[in-house]
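Asker: Encoded as structure tokens, here's the structure I'll be asking about.
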Amino acid sequence: MGKRVLLIEDEPNIIEAISFILSRDGWSVSTHSNGHDAVDVVKESTPDLLILDVMLPGKSGFDILKELRETTSAETLPVLMLTARGQKADREMAERAGASRFMTKPFSNSEVLDAVRELVGS
Amino acid sequence: MATLNILVAVCLIYVTFLFVVAFAAERAAKQGHGGWLRSPLVYTLSLSIYCTAWTFYGAVGYAARSGLEYLTIYIGPSLVMVGWWWILRKLVRIGRSQRVTSIADLISSRYGKSNLLAVGVTLLAVIGTTPYIALQLQSVTLSFDVFSGSNEVAGSIVDRDSTALWVAMGLTLFTIVFGTRNLDVNERHHGVVIAIAVEAIVKLFALLAVGVFVVWGLGGGLSETLQRIDASEIGMWEMRGDRWASLIFLSAAAFLCLPRMFQVMVVENDHESYLRTASWAFPAYLMVMSLFVVPIAVLGLDILPEGSNPDLFVLTLPLATGREGLAMLSFLGGFSSATSMVIVASLALSTMVSNHIVMPIWLSATGGGAKISGDVRNVVILSRRLSIAAVVALGYLYFRLSGGGTALASIGLISFAGVAQFLPVLLGGIFWRGATRTGAFAGLSVGFLVWAFALLLPSFGSGVLISQSVMDNGLFGLAWLRPQAFFGIEGMDPLVHAVMWSISLNTLVFFVSSLVGFPSPLERLQGAQFVNVYEHSRRPQGWSGSAAQSEDLMIMAQRILGAREAQNLFEREAQRQGVSGYLPDPSPDFLQILERELSGSVGAATAHAMIGQIVGGASVSVRDLMAVADETAQMMEYSSKLEAKSEEQARTARQLRQANEKLTQLSVQKDAFLSQVSHELRTPMTSIRAFSEILRDSEKLSGQEKVKYSSIIHDEAIRLTRLLDDLLDLSVLENGQVNLNTQTGVLVDVLDHAISSALTGSSDTRLTVRRRKSHEVVHMTTDLDRLAQVFINLIGNAQKYCDADPAELTINASLSQGQMLVDFIDNGSGISKEDQAVIFEKFARVGEMKAGGAGLGLAICREIMARLGGSVSYLPGQGGAAFRVILPLAASKTTL
């Protein structure tokens, strides 16, 4: 049974793309597309890996991550952050919030795959 | 004796009458219907205090002795009046704008509000005026003598001294009652002015009556009188050019410089325009006054016994011919001339003495300002009253000491020459910015010393105050310092000699000292104010009120202006500043106004000092200001320009600060914008890259999948293009580079086009649009395409975001106040209040719906409407989301 990945992203086409890539690689992908209840969804679904977009309706990816890092169940959860604003400040903020990996859109599919494999394998 | 008693009775009645007139005038002025009190006519008549008893009686005596020379005394002032545009207008304007209370105040104010200078001018004015007051007292006693002398009843010799004393006391009383009734901030005395105007009429009428009697009653008609004149010595007068010129100059100078003339001409002036009337009316008055002088003199010499005093012909001629009634009238004329002069002169001098000598001493003795208790007003009024009494007393004393002898006969011209010393400083002050305080001091001192040495002291007779050896051999035995032959130039008329040397040395020293010295900043400032009085309506900023205590100022102002007056002033100023209550902030403006008000009561120098004591650090800001100005001579010239400049600098600094803040804000906004743009560009690019890689790398894709993924790529590419288009559009609009393609059209057509554009090309046409086309027949001239773009956007938004089912959009067009209003109201759940504030911002997207827009649509709409001169705004409370587009129709026609 493949590892479970939770993708939190609000852009339907990007959800479709990442789901396709990861599914094809044998991952079990579930998705969620707003920030409000993202933390609860993560706690409930206990994925092996979380892919988190920064700009989400309702609550930003940074805030969601901060909250997750404060709960015991998600303390060590590997998190891959995606952002469309490739500024240095965003990277720093992601690191502070506790992101395991940070990736700027647009990305190549192989990059995502490599990162996901690495994060879950380690 | 009977005559004398009647005379005393007439005097008393006349004086009572004057009291009543003055009282009535004061009352009328107080009740506010004293408009007639301030008329050019009254002003002109009040100027006639120039014609004192010396001119009333003395002109005839003068004519009897020196022929037509007496005319010079009238020609000088007439020239000044006719040329009013040149000097008088400026003096009056300065007097009014600077709240000048006296000639000493004017000079001190001009030369840096120097109180020392004011003291000097005041003392000199007192010295110059005292003999003149004595002369008036003498004329009254002499005329009393004539009446008592004509009465043969034995033992009725009137004590001259007591007559003079009674007259002096009466005049003091009158002046005190009407001159210091209240501390008028304008320093105007309607009662006094109207009384002297009445006296002016009395003396003119009296002299005319005597003249008519002499010509037609005694002379036997006009032609015979003329023959007599031809036959007399006066007819063969010879004119000495130098003496005439000096006398005309002297009387003109005195007319400007005499404290009493300054009082009626400048201080009591209610309106500059009065000068226009006075400029012809006053010379006419003088002409009428001088009309019968020669006939009276000639007939007096003819008819009256040898050795009669020609100074009293005006009285003795009627008396000798048994016309006691006429003599009485003539006496009243002389009495009027004397009294009006003494009243105004003592009033003017008391203002100067009180403001520049008594008050400064009192203030420094008591610590001054608001710190001491007691009502300063009472002190000021008391000091005025004492000053009046002192001035009149001085005149009386002079009269007693000089014994009322013949030495007084020439005192009129000597007095003129004394006050004429003010002329260079006065004219220099109002026409020459370079004139300095040092120069004024030096010039005045030299002028007065020369005048005293060459004219005043010798006038008492050789050996009285100035020894014969000095007269013959000069001061300290220096031959070139002989009082009547300076530098060895002999043979000149003593008067011409003294006037020439005193005035020219005065002027020379004044100019040279001014040129050599350097004026203080305050002098520069005041100089510019005076010289350019027509350009400067405002006073310079002289105070920085940071340290001032409004309450202290209020306490002080109440004491000087009176409680009600001060409270009104403070309340008015507080209101002007937008502060509630009675205490305005001590801004420089306010302090300036307060100083001006106070200077109306206590003089410029004292007011300046009083405020300085409270504010502390007197006029520091002026010095600061001027220190800056010293560096650029050009700025120095116009203090107001400088002021404007410093204001401008402050404004520029403020603008720079604002600009800086705005730039900082813009920089933050720019970062946010770039970050947003980056996000909006990267998001579709992510999809495009991901799916193109999928298409490239996956071989096992179904046909359906391929189509799906390709169309995602296609859609995202279009989204990118649209985003770039919007960004460019917005950038063009925001930079104002947009070219409007203005056309005339009808709203209904624009809406038709917009609706069809917005709804076609969209897969679902679920939105129903409701319109009332009859309301849409509005003709307008604007950029129709841009307007349609706004409409398309609003309709598109309704289509995308309206969450009702079925979705409806109502479009309402209406007209209001020359504006076309088009409302777009949908039946959805609308936009929350917080979101309403941001929907017009760039990249503002509301709610969780993703509709493919970048959030630039409404921002673009807002920019477009701004360019079209209208606006688009959210219209709350309409049920659903509602937007109102407003377009002014100013340039368009409407058929509705």
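Asker: So for B:Asp752, B:Asp725, fewest C-beta neighbours within 10 Å to most, what's the order?
Answerer: Fewest to most other Cβ atoms nearby, the residues stand as B:Asp725, B:Asp752.
Asker: FRET efficiency for B:Arg276 and B:Leu508, Cβ-Cβ distance as r, R0 = 41 Å, nearest 0.05? Provide the component values of the computation, followed by the final result.
Answerer: Details: r = 35 Å, r/R0 = 0.86.
Between B:Arg276 and B:Leu508 the formula returns 0.70.
Asker: Hey, what do the phi angles of the stretch B:720-725 turn into as Karplus ³J(HN,Hα) couplings, whole Hz, using 6.51/-1.76/1.60 and θ = phi - 60°, x for Gly and Pro?
Answerer: Coupling constants for the stretch B:720-725: 4, 4, 4, 4, 5, 4 Hz.
Asker: Amide H of A:Asp25 versus every other amide H placed in the peptide plane: which residues, excluding those fewer than 5 positions away on the same chain, fall under 5 Å?
Answerer: none
Asker: Now a separate question. Sort B:Cys861, B:Cys51 by Cβ crowding within 10 Å, fewest neighbours at the top.
Answerer: B:Cys861, B:Cys51
Asker: B:Leu666 to B:Val516: extension gain in nm, 0.36 nm per residue of separation minus the Cα-Cα distance?
Answerer: 48.3 nm
Asker: Run the quick spin-label model on B:Val748 and B:Arg65: label points 7 Å from Cα toward the beta carbon, then report their separation in nm to one decimal.
Answerer: If labels sit at B:Val748 and B:Arg65, their model points lie 10.7 nm apart.
Asker: Relative contact order (percent) for chain A, with alpha-carbon contacts under 8 angstrom and 6 or more residues of separation?
Answerer: About 23 percent, as a whole number.
Asker: Per-residue mean of other chain beta-carbon atoms within 10 angstrom of the beta-carbon, peptide B:678-688?
Answerer: 6
Asker: Obtain the nm distance between the two label points defined at A:Lys43 and B:Ser692 by a simple spin-label model: each point lies 7 Å from its Cα along the Cα-to-C-beta direction.
Answerer: Calculated label separation equals 4.3 nm.
Asker: For A:4-14, what's the mean count of beta carbons from other chains sitting within 10 Å of each residue's beta carbon? Present the calculation step by step, with values, prior to reporting the outcome.
Answerer: Values: counts 0, 0, 0, 0, 0, 1, 3, 6, 3, 14, 7.
That works out to 3 on average.
Asker: Moving on. Which FRET efficiency, nearest 0.05, do A:Lys59 and B:Asp785 yield, Cβ-Cβ r, R0 41 Å? Intermediate results must be reported in sequence, preceding the final value.
Answerer: Values: r = 41 Å, r/R0 = 1.00.
Once rounded, the FRET efficiency stands at 0.50.
Asker: Right, something else. List, in order, the whole-Hz ³J(HN,Hα) value for each residue of the stretch B:54-70 obtained from phi through the Karplus relation with A = 6.51, B = -1.76, C = 1.60 and θ = phi - 60°; use x for Gly and Pro.
Answerer: 4, 7, 5, 8, x, 4, 5, x, 4, 5, 5, 8, 10, x, 6, 4, 4
Asker: Sticking with this structure for a sec: Rounded to whole Hz and in sequence order, give me ³J(HN,Hα) for the stretch B:877-884 from the Karplus expression 6.51 cos²θ - 1.76 cosθ + 1.60, θ = phi - 60°, writing x for Gly and Pro.
Answerer: x, 10, x, x, 6, 9, 10, 10
Asker: Hey, can you grab everything whose amide H is under 5 Å from the amide H of B:Gln819? Only 5+ residues off in sequence or another chain; H modelled, so Pro and N-termini drop out.
Answerer: Residues meeting the amide H criterion: B:Leu889.
Asker: While we're here: At 7 Å along Cα-to-Cβ for each site, give me the label-to-label distance between B:Val777 and A:Ser23 in nm.
Answerer: 6.0 nm
Asker: Can you list residues from other chains, or at least 5 along the same chain, whose modelled amide H is less than 5 Å from the amide H of B:Val769?
Answerer: For B:Val769, the qualifying residues are B:Leu809.
Asker: How well do other chains shield peptide B:798-808, expressed as the mean number of their Cβ atoms within 10 Å of each residue Cβ?
Answerer: Mean inter-chain Cβ contacts per residue within 10 Å come to 0.
Asker: Mind ranking B:300-309, B:317-326, B:421-430 by how tightly packed they are, going by the mean number of other C-beta atoms within 10 angstrom, highest first? The partial results should precede the final answer.
Answerer: Numbers: B:300-309: 14.2, B:317-326: 17.9, B:421-430: 25.2.
Averaged packing, sorted descending, gives the order B:421-430, B:317-326, B:300-309.
Asker: Right, next: Looking at the stretch A:46-89, which GluC sites (Glu not before Pro) are DSSP coil and have at most 13 other C-beta atoms within 10 Å of their C-beta?
Answerer: Taking the stretch A:46-89 and a limit of 13 other Cβ atoms within 10 Å, the loop GluC sites (Glu not before Pro) found are A:Glu75.
Asker: Related question: Greater than 29 Å separation of Cα atoms is the criterion. Which listed pairs, A:Lys3/B:Lys800; B:Lys670/B:Lys708; A:Lys105/B:Lys842, meet it?
Answerer: Cα-Cα > 29 Å for A:Lys3/B:Lys800; B:Lys670/B:Lys708; rest within.
Asker: Figure the gain on full extension for B:Leu397 and B:Trp216 (residue separation times 0.36 nm, minus the Cα-Cα span) and round it to one decimal in nm.
Answerer: Gain in length upon complete extension: 61.0 nm.
Asker: Compute the FRET efficiency between A:Glu92 and B:Ser756 as 1/(1 + (r/R0)^6), taking r as their Cβ-Cβ distance and R0 = 56 Å, and round to the nearest 0.05.
Answerer: 0.65
Asker: Okay, next question. Would you work out the relative contact order for the stretch B:739-888, in percent, from Cα pairs under 8 angstrom that are 6 or more residues apart?
Answerer: The value is 23 percent.
Asker: Where does each of B:Leu759, B:Leu222 land when they are ranked from fewest to most other beta-carbon atoms within 10 angstrom?
Answerer: In increasing order of surrounding Cβ atoms, one gets B:Leu222, B:Leu759.
Asker: A follow-up question, please. Sort B:738-750, B:74-86 for me by packing, meaning the mean count of neighbouring Cβ atoms within 10 Å per residue, highest on top. Write out the running numbers ahead of the final one.
Answerer: Numbers: B:738-750: 14.5, B:74-86: 18.1.
Packing proxy ranking, top to bottom: B:74-86, B:738-750.
Computed from the coordinates by the stated procedures, all read-outs in this text should not be read as laboratory data. What you see is a predicted model; the values in this text were computed from it and never measured. Methodologically, a virtual Cβ is constructed for each residue, glycine included, from the backbone with ideal geometry; neighbour enumeration extends over all protein chains shown.
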